[in-house]
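Enquirer: There's a structure below that I have some questions on.
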Amino acid sequence: MSIDGECATCGSGQEREFTGEIAIHFPGLKGLENPIVWVFPKVFVCPNCGLAKFQIPQEELRVLGETDPAGEGLTACPLPFAYQARQRQS
Ligand SMILES: [Zn+2]
């Protein structure tokens, strides 16, 4: 992500930083059987072309990588991940 605010797509130089709350769902009907993965990243938005960028933290990235998108869940994760994420914030 650019530090100088320059958009990687249109090069406008107007990219701005926001805070985000993003729920990541697995695709397809079977994906609905997996828990939602919540992330709360800084989001960089270009007001010129609409490109939005954010980085997923390592723990949430691991869950996305290890969860079967066909709805089999994450075997190493005993609680729904969204529930765990809420617990960590309180
Ligand atoms: Zn742009």
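The values are calculated or read from the model by the stated rules, or taken from the named source; none is laboratory data. These numbers come from a predicted model, not from an experiment. Because the Cβ atoms are built from the backbone with ideal geometry, glycine has one as well, and the counts that use them run over all protein chains shown.
Enquirer: Just give me the residues in region 48-90 being modelled with pLDDT of 60 or more and of a type in the set (S, T, N, Q), in sequence order.
Expert: Asn48, Gln55, Gln58, Thr67, listed by residue number.
Enquirer: Right, here's the next one. So which residues in region 50-64 are exposed (fewer than 15 other Cβ atoms within 10 Å of the Cβ) and within 15 Å of the ligand (Cβ to nearest atom), if there are any at all?
Expert: Gly50, Ala52
Table: residues versus (1) modelled with pLDDT under 95; (2) within 24 Å of Asp68 (Cβ to Cβ); (3) touching a helix residue (DSSP H, G or I) at 6+ places or on another chain (Cβ under 7 Å).
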site	(1), (2), (3)
Ser2	yes, no, no
Gly5	yes, no, no
Cys10	no, no, no
Gly13	yes, no, no
Thr19	no, no, no
Pro27	yes, yes, no
Leu32	yes, yes, no
Val37	yes, yes, yes
Lys42	no, no, no
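Enquirer: Additional query: Condition first: exposed (fewer than 13 other Cβ atoms within 10 Å of the Cβ) and within 9 Å of the ligand (Cβ to nearest atom). Now tell me which residues in region 14-48 satisfy that.
Expert: Pro47
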